[in-house]
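Student: One structure, pasted below without further comment.
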Amino acid sequence: MNTTKKKEAFKETLKYAFIQTLPVLFGYVFMGIAFGILLEKAGYNFIWAFFISLIIYAGSMQFVLIGMLGGGMGLLSMIVLTLSVQSRHIFYGLSFIEKFKAMGKWGWYMIFSLTDETYSLLCGMNIPKELNEKQVFFTVAALDQSYWIIGCTLGAVIGSFIGFDTTGIDFAMTALFVVIFIEQWYSYQSHLPALLGTICGVASLVIFGPGAFILPALIAAVCLLLVFKNSIKIGENQEVCQ
């Protein structure tokens, strides 16, 4: 493939990935701004915000990190808390092991950058045949992280100049998940996975409470999906994430 064709292919991949990640763009930028403001108010400037979002890139865990930085928490406690908050990603990673292995050195970045929202997009995309799936995956993940970095850094800069009331801004992530859920609902013929996931989530929330329901809900959902896998029909031209 000559240079001109490579450039055209890159432009088409970037265009497609950008359109797919637009919902994440708005959610990440606003949530990142909230994080940056809170981090700046805790005494850490935009440089900290940039490198934390670049190297750690842990979403909700970064908000927890703000309290850790000023709370004198021990290293072991930090490790245990981080594993507890981020344990759901174990399940996400299992779904894409083979595809990430096939991506070579890019696969390491995909493992690092697999957030809740990126995972949802990768599962729900119907990638055009003329585009390279590996390049699309990488571009989507990179764009999502860039949105987060921009939001976090911008928030810290804004926080250094003006006061800001962040009450209610966390609803941006809830709205983001609703948009992604609706898009996937219409993309697949079988709604059984979505229904099973909803039932497991609600049941776990009732039983375990808001602070500890995510991991049990994921375990229950995975088990039920394995039980009913033969009953789940994927729409034409759609591919199961496995």
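Student: Holding the Cα-Cα limit at 22 Å, pick out from LYS7/LYS129; LYS5/LYS134; LYS5/LYS101; LYS105/LYS134; LYS101/LYS134 the pairs that are longer than that.
Tutor: Pairs exceeding the cut-off: LYS5/LYS101.
Student: When the Cα centres of the range 12-29 and the range 87-153 are compared, how far apart do they sit, in Å?
Tutor: 12 Å
Student: Under 37 °C and 0.692 mPa s, how fast does the range 124-166 diffuse according to Stokes-Einstein, given a Kirkwood radius computed over C-alpha pairs? Answer in µm²/s, whole number. If you can, show how the numbers build up before the last one.
Tutor: On the way: Rh = 12.8 Å.
Estimated via Stokes-Einstein, D reaches 256 µm²/s.
Where a number appears in this text, it was derived from the coordinates with a stated rule and is not lab data. This structure is a prediction, so every number in the text was calculated from the model and none was measured.
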